[in-house]
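**Q** Take this structure first; my questions come after.
The values are calculated or read from the model by the stated rules, or taken from the named source; none is laboratory data. Owing to the predicted nature of the structure, the values given are computational and were not obtained by experimental measurement. For neighbour counting, all protein chains shown are included, and Cβ atoms are generated from backbone atoms with ideal geometry for every residue, glycine included.
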There are 2 protein chains.
Amino acid sequence: MLDLGLPALLSVVAPDPSGVSVERFLLLLATILVSAKVLGELAERFGQPAVIGELVAGVLLGPSVIGFVDPTLPALHLFAEIGVILLLFTIGLETDLKRLLSVGGAAFTVAVVGVVLPFASGYFVAHALGLDLLPAIVSGAALTATSVGITARVFSDLGKLKSVEGQIVLGAAVIDDVIGLIILAVVSDLVAGTTPSVGGVLRTTAIAFGFLAAAIVLGRFLVPPVFNFLARTGKENTLASMALVLAFLLAVLASEIGSAVIVGAFAAGLVLAPTEQAHAIERGVIRLANLFVPIFFVAVGAAVDVRTFGSRDIVLVGLALTAVAILGKFAAGFAPIWIRANKTVIGVGMIPRGEVGLIFAQMGLTAGVLTAGTYSALMLMVLVTTFMAPPLLRQLLSKSSTAELDQESLAVAEMTTEA
Amino acid sequence: MLDLGLPALLSVVAPDPSGVSVERFLLLLATILVSAKVLGELAERFGQPAVIGELVAGVLLGPSVIGFVDPTLPALHLFAEIGVILLLFTIGLETDLKRLLSVGGAAFTVAVVGVVLPFASGYFVAHALGLDLLPAIVSGAALTATSVGITARVFSDLGKLKSVEGQIVLGAAVIDDVIGLIILAVVSDLVAGTTPSVGGVLRTTAIAFGFLAAAIVLGRFLVPPVFNFLARTGKENTLASMALVLAFLLAVLASEIGSAVIVGAFAAGLVLAPTEQAHAIERGVIRLANLFVPIFFVAVGAAVDVRTFGSRDIVLVGLALTAVAILGKFAAGFAPIWIRANKTVIGVGMIPRGEVGLIFAQMGLTAGVLTAGTYSALMLMVLVTTFMAPPLLRQLLSKSSTAELDQESLAVAEMTTEA
């Protein structure tokens, strides 16, 4: 008999140890794109940012409901990572560095306070509820980092990324990602049973922030001549491809040096933003982002396992952690007392934890430091903070507060165009 | 000590059985994009189509020279497959079905003759040179299918895809891909030791061609209303995303039914070509194609192992097979005697075997039917046919012959616009 199962044809060329055929992966992509689009549109009909719909699509498609999307699939993980890299790259492309730096002090203050408060209060709450030292530290650490991806997408969906509040939240979220990775390194040491040295921590900190500064300063010198040359010799698609190469390379460099890939991608965007080719690059990259970015948010949603919220004790621990996670970041929004801006918007903007909180929880679980119960409690914290911030922000930004905010934005915008 | 190897962070989220980290894969993509662009530009400076440069980049980066790109890496294979799917999808989007059908008889004749002649002569040459029955059959089969990807890219690079010759070659290459897959199924049975039944072969043939016809006929009814609806309600990027979903779904369907993913993707393009949204879709998809398509050609190049051409005997067998591979397809170009077109261009256009020939050779090697020597001989055939056609075509198309050709194109164009 003739075997009709010809998809085997492809596996002849590339035996696939990751267990997913090209056909299966195309189906996965098609499903993710359609559901992200449908639920994203639906969210907008209900006045919510599209990203909420994409996250819900992920939860529904994920292992705990329909079970079609497995977020640990290597190829999907790769597409999701490229998605968040493209997102931060386009955000960087749209960011005016002068403007970002003009609120740099405020952003830094929000970031530091927004790491210290949730970490300390998360640790005490967890410890008070009966967790040992190490699990309590990991739980506290999981509350530290705001999700840059979700925060940037929400402000961007609402057209408020360039407001003072949007810039402070963006800057603070990038900074607390860098801090979060330093904490992760320290916690990894503790989990592994070694004692982190103060010198080591300081070195990591210096390297992580030094990278961002060096990439931006050097990039501003070296990158424009290269892209001017490309613009004279090549086609428009060459510009977009080579901009992508720069984003990928800085992402890898950032990661190798102990920072996060998204920090590198954001730096690449910042470096290209003032070039003459920025608009042409953005036109090219936006199309790619349209394909890849929803995959990231669906993957984040799919990593949430709603089946674990069965136990009352777990839910109570989870809600306690959620409360301090919200209050800590909200308070951080009011930390830069000298800045004239809507502090409530800043505080709420810092709340979503998204994928970064999941990474901490997953690490604790894999290392055997967290019980399945504590892991579920942290997941509840991620779920609530991620889903509550977008609708709250939308409400805040559509109310009277936006008048003040827009005036403020305008003033800053005038300041920077004059400079 | 503090561990700076933070890339481990990502592997916490997704343990990676395929053995490639996100960072490593981003580096791979960056390298592929830069070298494809540089060598593509260089090829154009020397008056060659850009695709030649991309293939050379693949050979150089592949295991036999620099060894940086491993074409069997699952994630890379996936990107390459999406690349060729996007290529055939955009080719389909640019194809006028009426025009393609107006040369349908000629294309079908070229395809059938271009499969029979190389298969028969390849078998006899291989058998005469001492190969057993089964290895000789596999060798003959490896000569049958023209690479649609390379052929379409070359005609497109030269701006001649819409000429009569371009349309005949495109149609014939798609048809002989379908035939090639049927032969592959038969050969797989032989290799596995089972005798293929005539009924089974006929059924596979009917299904494979029936799919193409059904997809196009049904698609022309069902697809325009959907995209009209999307155009009224959504943004332009929704159109491109949903067009991509259609391409992915038809690709999977084609593969499941015993045809090739690229046939499905081409059908999706054909179906969308006459819609009002075709241009908006193409604008969106072209950007994606710019990223993915070079990855496909670099992967094809990287699959060629130039180290295997050490033995004189292997090279002689290889050259004998190459000779009949070239002559068989070239003769096929002259088979549709009734058509007024540049037969030399058609014949040369059908010569490149590319990835399809490699698939046959790889299957024979994996199944133990081909020796490493015969495999290398087939690889030489693929290498020579792939690299000789583009420069030859460029020469043919830039000479006096193009006058006749353009006139012909014009006549057909007028015919179809009047219809």
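Residue-wise test of (1) under 29 Å from residue A:44 (Cβ atoms); (2) of a type outside the set (Gly, Ala, Ser).
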{"site": "B:210", "(1), (2)": "no, no"}
{"site": "B:224", "(1), (2)": "yes, yes"}
{"site": "B:233", "(1), (2)": "yes, yes"}
{"site": "B:244", "(1), (2)": "yes, yes"}
{"site": "B:274", "(1), (2)": "no, yes"}
{"site": "B:282", "(1), (2)": "yes, yes"}
{"site": "B:287", "(1), (2)": "yes, yes"}
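**Q** Is it true that some residue in the stretch A:191-203 is surrounded by fewer than 21 Cβ atoms within 10 Å (Cβ to Cβ), farther than 22 Å from residue A:142 by Cα and of a type outside the set (Phe, Trp, Tyr)? Spell out how you get there, then give the answer.
**A** Let us first name the residues in the stretch A:191-203 that are surrounded by fewer than 21 Cβ atoms within 10 Å (Cβ to Cβ), namely A:191-203.
Narrowing further to those that are farther than 22 Å from residue A:142 by Cα: A:199, A:203.
Now drop any that are not of a type outside the set (Phe, Trp, Tyr), which leaves A:199, A:203.
Scanning the stretch A:191-203 turns up at least one residue that is surrounded by fewer than 21 Cβ atoms within 10 Å (Cβ to Cβ), farther than 22 Å from residue A:142 by Cα and of a type outside the set (Phe, Trp, Tyr).
**Q** So, one more: So is residue B:132 surrounded by fewer than 20 Cβ atoms within 10 Å (Cβ to Cβ) and closer than 18 Å to residue B:320 by Cβ or not? Steps first, answer last, please.
**A** Working: surrounded by fewer than 20 Cβ atoms within 10 Å (Cβ to Cβ): yes; closer than 18 Å to residue B:320 by Cβ: yes.
It is true that residue B:132 is surrounded by fewer than 20 Cβ atoms within 10 Å (Cβ to Cβ) and closer than 18 Å to residue B:320 by Cβ.
**Q** Filtering the stretch A:181-197 down to residues that are at the interface with another protein chain (Cβ under 10 Å from one of its Cβ atoms) and part of a helix (DSSP H, G or I), which residue is nearest to the chain's Cα centre (by Cα)?
**A** Pass one, the stretch A:181-197, residues at the interface with another protein chain (Cβ under 10 Å from one of its Cβ atoms): A:181-182, A:184-186, A:188-189, A:192, A:194-197.
Narrowing further to those that are part of a helix (DSSP H, G or I): A:181-182, A:184-186, A:188-189, A:192.
Working: A:181: 13, A:182: 16, A:184: 16, A:185: 18, A:186: 21, A:188: 21, A:189: 24, A:192: 26 Å.
Filtering first and then ranking leaves A:181.
**Q** When only residues in the stretch A:292-307 that are over 18 Å from residue A:262 (Cβ atoms) and of a type in the set (A, V, I, L, M, F, W, C) count, which is surrounded by the most Cβ atoms within 10 Å (Cβ to Cβ)?
**A** The qualifying residue surrounded by the most Cβ atoms within 10 Å (Cβ to Cβ) is A:302.
**Q** For the stretch B:256-283, enumerate the residues that are surrounded by fewer than 24 Cβ atoms within 10 Å (Cβ to Cβ), within 11 Å of chain A (Cβ to nearest Cβ) and part of a helix (DSSP H, G or I).
**A** Those that are surrounded by fewer than 24 Cβ atoms within 10 Å (Cβ to Cβ), within 11 Å of chain A (Cβ to nearest Cβ) and part of a helix (DSSP H, G or I): B:256, B:283.
**Q** Somewhere in the stretch B:304-314, is a residue under 29 Å from residue A:241 (Cα atoms) and either within 14 Å of chain A (Cβ to nearest Cβ) or free of Cβ contacts under 8 Å to residues at least 60 places away in the same chain (or both)?
**A** yes
**Q** Okay, next question. Considering only residues that are under 20 Å from residue B:50 (Cα atoms) and within 9 Å of chain B (Cβ to nearest Cβ), which ones fall in the stretch A:207-243?
**A** Of everything in the stretch A:207-243, those that are under 20 Å from residue B:50 (Cα atoms) and within 9 Å of chain B (Cβ to nearest Cβ) turn out to be A:233, A:234, A:237, A:238, A:240, A:241, A:242.
**Q** Output yes when any residue across the stretch A:357-367 is crowded, with 22+ Cβ neighbours inside 10 Å and at pLDDT 90 or above, and no when none is.
**A** Within the stretch A:357-367 (the criterion being crowded, with 22+ Cβ neighbours inside 10 Å and at pLDDT 90 or above), the answer is no, since none of the residues qualifies.
**Q** Continuing with this model, one more query. Would you check if residue A:241 is under 16 Å from the mean Cα position of the chain (by Cα) and hydroxyl-bearing (Ser, Thr, Tyr)? Lay out the reasoning, then the answer.
**A** On the way: under 16 Å from the mean Cα position of the chain (by Cα): no; hydroxyl-bearing (Ser, Thr, Tyr): yes.
Judged against the criteria, residue A:241 is not a match.
**Q** From B:336, B:352, grab the single residue that is modelled with pLDDT of 90 or more, closer than 23 Å to residue B:168 by Cα and over 17 Å from the mean Cα position of the chain (by Cα).
**A** Values: B:352 fails: over 17 Å from the mean Cα position of the chain (by Cα).
None of the other options fit; the residue is B:336.
**Q** Still on this structure, I have one more. Based on what the data block shows, is residue B:306 at pLDDT below 90 and closer than 30 Å to residue B:34 by Cβ?
**A** Numbers: at pLDDT below 90: yes; closer than 30 Å to residue B:34 by Cβ: yes.
Yes; evaluated as a whole, the condition is true for this residue.
**Q** Please enumerate the residues belonging to the stretch A:65-89 that are more than 13 Å from chain B (Cβ to nearest Cβ) and either free of Cβ contacts under 8 Å to residues at least 24 places away in the same chain or hydroxyl-bearing (Ser, Thr, Tyr) (or both).
**A** A:66, A:67 - these are the residues of the stretch A:65-89 that are more than 13 Å from chain B (Cβ to nearest Cβ) and either free of Cβ contacts under 8 Å to residues at least 24 places away in the same chain or hydroxyl-bearing (Ser, Thr, Tyr) (or both).
**Q** With the structure loaded, tell me whether residue A:148 is of a type in the set (A, V, I, L, M) and either in contact with a Leu (Cβ under 6 Å, 6 or more places away or on another chain) or under 18 Å from residue A:335 (Cβ atoms) (or both) or whether it fails that test.
**A** Working: of a type in the set (A, V, I, L, M): yes; either in contact with a Leu (Cβ under 6 Å, 6 or more places away or on another chain) or under 18 Å from residue A:335 (Cβ atoms) (or both): no.
No: the conditions fail for residue A:148.
**Q** From B:207, B:314, grab the single residue that is closer than 27 Å to residue B:145 by Cβ, under 24 Å from the mean Cα position of the chain (by Cα) and at pLDDT below 90. Spell out the reasoning first.
**A** Numbers: B:314 fails: under 24 Å from the mean Cα position of the chain (by Cα).
That would be B:207, the only listed residue that is closer than 27 Å to residue B:145 by Cβ, under 24 Å from the mean Cα position of the chain (by Cα) and at pLDDT below 90.
**Q** Could you go through the stretch B:66-81 and let me know if any residue there is buried (at least 21 other Cβ atoms within 10 Å of the Cβ), farther than 30 Å from residue B:213 by Cβ and of a type in the set (Val, Ile, Thr).
**A** Yes - at least one qualifying residue is present in the stretch B:66-81.
**Q** Could you give me the residue pairs with C-beta distances under 7 Å whose first residue belongs to the stretch B:199-210 and is farther than 12 Å from residue B:185 by Cβ, whose second residue is buried (at least 16 other Cβ atoms within 10 Å of the Cβ) wherever it lies, and which are 6+ apart or on separate chains?
**A** Listed by first residue and then by second, the contacts come to B:209/B:178.
**Q** Select from the stretch A:1-56 the residues that are farther than 30 Å from residue B:70 by Cα and at pLDDT below 50 and write down the one among them that is farthest from the other protein chains (Cβ to nearest Cβ).
**A** Going through the stretch A:1-56, the residues farther than 30 Å from residue B:70 by Cα turn out to be A:1-2, A:34-56.
Keeping just the survivors that are at pLDDT below 50 gives A:1-2.
Details: A:1: 6, A:2: 3 Å.
My answer is A:1.
**Q** Test residue A:405 against the criterion of being within 30 Å of residue A:323 (Cβ to Cβ) and at pLDDT 80 or above, and give yes or no. Quick ask: steps written out before the conclusion?
**A** Numbers: within 30 Å of residue A:323 (Cβ to Cβ): yes; at pLDDT 80 or above: no.
When the stated conditions are applied, residue A:405 does not pass them.
**Q** State whether the residues of the stretch B:94-107 include one that is surrounded by 16 or more Cβ atoms within 10 Å (Cβ to Cβ), hydroxyl-bearing (Ser, Thr, Tyr) and modelled with pLDDT under 95.
**A** Within the stretch B:94-107, one or more residues are surrounded by 16 or more Cβ atoms within 10 Å (Cβ to Cβ), hydroxyl-bearing (Ser, Thr, Tyr) and modelled with pLDDT under 95.
**Q** Here's a follow-up. Determine, yes or no, whether residue B:145 is modelled with pLDDT of 90 or more and either surrounded by fewer than 22 Cβ atoms within 10 Å (Cβ to Cβ) or not hydroxyl-bearing (Ser, Thr, Tyr) (or both). Explain how you work it out, then say what you get.
**A** Values: modelled with pLDDT of 90 or more: no; either surrounded by fewer than 22 Cβ atoms within 10 Å (Cβ to Cβ) or not hydroxyl-bearing (Ser, Thr, Tyr) (or both): yes.
In short, no.
**Q** Here are some residues: B:287, B:232. Which one is without any contact (Cβ under 8 Å) to a residue 24 or more places away in the chain and within 26 Å of residue B:151 (Cα to Cα)? If you could, list the steps in order and put the result at the bottom.
**A** On the way: B:232 fails: within 26 Å of residue B:151 (Cα to Cα).
Of B:287, B:232, the one residue that is without any contact (Cβ under 8 Å) to a residue 24 or more places away in the chain and within 26 Å of residue B:151 (Cα to Cα) is B:287.
**Q** Still on this structure, I have one more. Going by the structure shown, is residue A:145 in contact with an Asp or Glu (Cβ under 9 Å, 6 or more places away or on another chain) and either closer than 17 Å to residue A:260 by Cβ or free of Cβ contacts under 8 Å to residues at least 24 places away in the same chain (or both)? Full working, then the answer.
**A** Details: in contact with an Asp or Glu (Cβ under 9 Å, 6 or more places away or on another chain): yes; either closer than 17 Å to residue A:260 by Cβ or free of Cβ contacts under 8 Å to residues at least 24 places away in the same chain (or both): yes.
Answer is yes for this residue.
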